[in-house]
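The values are calculated or read from the model by the stated rules, or taken from the named source; none is laboratory data. Note that this is a predicted model, so its numbers are computed, not measured. As a convention, Cβ positions derive from the backbone with ideal geometry for all residues, glycine included, and neighbour counts pool all protein chains shown.
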Amino acid sequence: MLFIKLVFESLKFALNELRVNLLRTILSLLGVTIGIFAIIAVLTVVDSLENSIKASLAFIGENVIRVDQFPWDFDDPDYPWWKYMRRPQASYDEFEFLSENLEPDHYTGICIFAARENVTLKYESSSYGGTILLGSTYGYSDVYEVPIEKGRYFSPSEINFGSNVTILGAEIASSLFGDRYPIGREVKIRGLKFVVIGVMKKQGENLIDTPSNDEFCLIPYAGFRKLYYSGPRWGIASIIAVKGIEEDIGLITLENEMRGLLRIKRGIRPIEEDSFALNRPEAFADLISNVFDVIGMAGWVIGSFSILVGGFGIANIMFVSVKERTHIIGIQKSLGAKNYFILFEFLFEAIFLSILGGSIGLFFVYLSTFVPTGNLELILSIKNIILGLGVSSVIGTVSGIVPAALAARLDPVIAIRSN
């Protein structure tokens with residue numbers, strides 16, 4: 001009850017200060033408002049950019065290990081690409097070997113796929129030339145998301161026999177068929193007819209120029225090999241992808257198991273290095289996070305100067321408030337008010353004023369999320385709201401503690417005699 005009473009008393013005094021000295025209070029709170037706006041606005045943009053870029057890279061999967069020819073190494077200035085060029089590409093035999101020998105409890109999906117860009121699809125007199133043709137085995141939907149809006153996914157028999165069936169992206173289906181129902185219609189790929197059995201949900205444009213489901217055309221892996229050579233060397237690269245389980249933190253168990261099995265399959269001796277690369281999407285995510293951490297730090301530095309000014313402004317208000325209410329403090333103490341009561345009264349007032357300034361800054365950030373930004377969707381997260389209010393509370397506490405302590409230590413006799 002005492003805490004609630006103190007909060008309401010502080011609120012009443014703070015509101016009274018706002019009403020009596022409105023201009024002075026607004027000018028003093030301006031620093032906190034600008035500081036919180038600068039910090040949270042930068043963090044909001046950074047978080048939104050990071051989420052949008054990661055969403056744009058969703059095609060490489062999450063919790064996925066890929067068997068590639070080239071390793072993803074973004075820090076090596078002397079990347080030995082000429083050495084990796086001599087490595088064999090992943091093969092269908094290796095895919096089958098992993099499927100048969102990996103522990104079932106260590107993964108949730110496995111597939112092999114190959115892709116070719118800028119393939120032209122034709123339907124009657126219409127054509128679409130920006131297609132990413134992707135041939136995959138049945139487990140592709142277990143490793144990567146394939147959101148079917150119309151029709152269905154491949155059946156195991158269609159995959160095994162390399163049937164001429166396809167699943168189209170929304171943009172391809174719209175360009176080729178318009179308002180006509182696409183399921184059951186035939187499209188031509190390099191002269192071969194493929195029956196449309198499914199259409200994926202529309203994904204929309206990505207923030208960065210990365211492949212989108214809207215431009216994908218999925219066909220069985222065996223059907224892809226009818227159209228393009230995908231061999232161990234010099235053909236279109238095939239990639240084996242395995243999706244791990246959440247309990248395998250960092251996919252360490254799965255990676256070690258895959259490495260051991262692939263070394264056995266390729267006959268690599270213990271003293272020889274791997275002739276393959278096990279890549280994970282986390283490499284991209286870590287690179288992106290490191291870049292945005294630097295940008296976020298810059299936002300903190302910029303906003304800290306404004307918050308520092310705002311903190312001095314609130315401290316100034318509290319010193320003036322203590323001076324103006326010295327007589328009232330003396331009366332309160334003469335009536336039995338304890339030192340901690342006076343301390344909390346002024347400290348809560350400083351915190352309230354700081355939170356008020358921070359809330360105004362957060363409100364301006366919220367308004368900025370409605371500004372059109374193209375493909376970037378700005379979202380003020382709960383985490384940033386809590387952070388903004390938390391920083392405001394800390395600033396209020398630091399700015400108000402000294403004036404509140406001075407008020408609490410006033411001698412009641414001297415204080416009551418002041419004018």
Discussion item. On the basis of being modelled with pLDDT under 90 and either more than 12 Å from Ile239 (Cβ to Cβ) or assigned by TED's automatic domain parsing to the domain that holds Glu257 (or both), does Ile110 make the cut?
Written reply: no
Worksheet item: Out of (1) buried (at least 21 other Cβ atoms within 10 Å of the Cβ); (2) at pLDDT below 90; (3) among the hydrophobic types (A, V, I, L, M, F, W, C), what's the single condition that is false for Phe95?
Response: (2)
Worksheet item: What residue, of Tyr128, Tyr140, is buried (at least 21 other Cβ atoms within 10 Å of the Cβ) and closer than 30 Å to Glu247 by Cα?
Response: Tyr140
Item to complete: Scan segment 181-200 residue by residue and report those that are of a type outside the set (A, V, I, L, M) and at pLDDT 90 or above.
Response: Tyr181, Pro182, Gly184, Arg185, Glu186, Lys188, Lys193, Phe194, Gly198
Worksheet, complete the sentence: Taking segment 278-310 and the residues there that are at pLDDT 80 or above and of a type outside the set (A, V, I, L, M), the one that is farthest from Leu251 (Cα to Cα) would be Asn279
Worksheet, complete the sentence: Checked segment 363-399 for anything within 27 Å of Phe312 (Cβ to Cβ), in contact with a Phe, Trp or Tyr (Cβ under 8 Å, 6 or more places away or on another chain) and buried (at least 19 other Cβ atoms within 10 Å of the Cβ); matches are Val365, Gly396, Ser399
Worksheet item: In segment 143-156, is there at least one residue being surrounded by fewer than 16 Cβ atoms within 10 Å (Cβ to Cβ) and either within 30 Å of Asn290 (Cβ to Cβ) or of a type in the set (Asp, Glu) (or both)?
Response: yes
Fill in: Neighbours by Cβ (under 7 Å, 6+ apart or cross-chain): first from segment 256-283, in contact (Cβ under 8 Å) with a residue 60 or more places away in the chain; second hydroxyl-bearing (Ser, Thr, Tyr)
Arg266/Ser275
Response to the item:
When Gly162 is run through (1) part of a strand (DSSP E or B); (2) within 19 Å of Gly191 (Cα to Cα), the failure sits at (1)
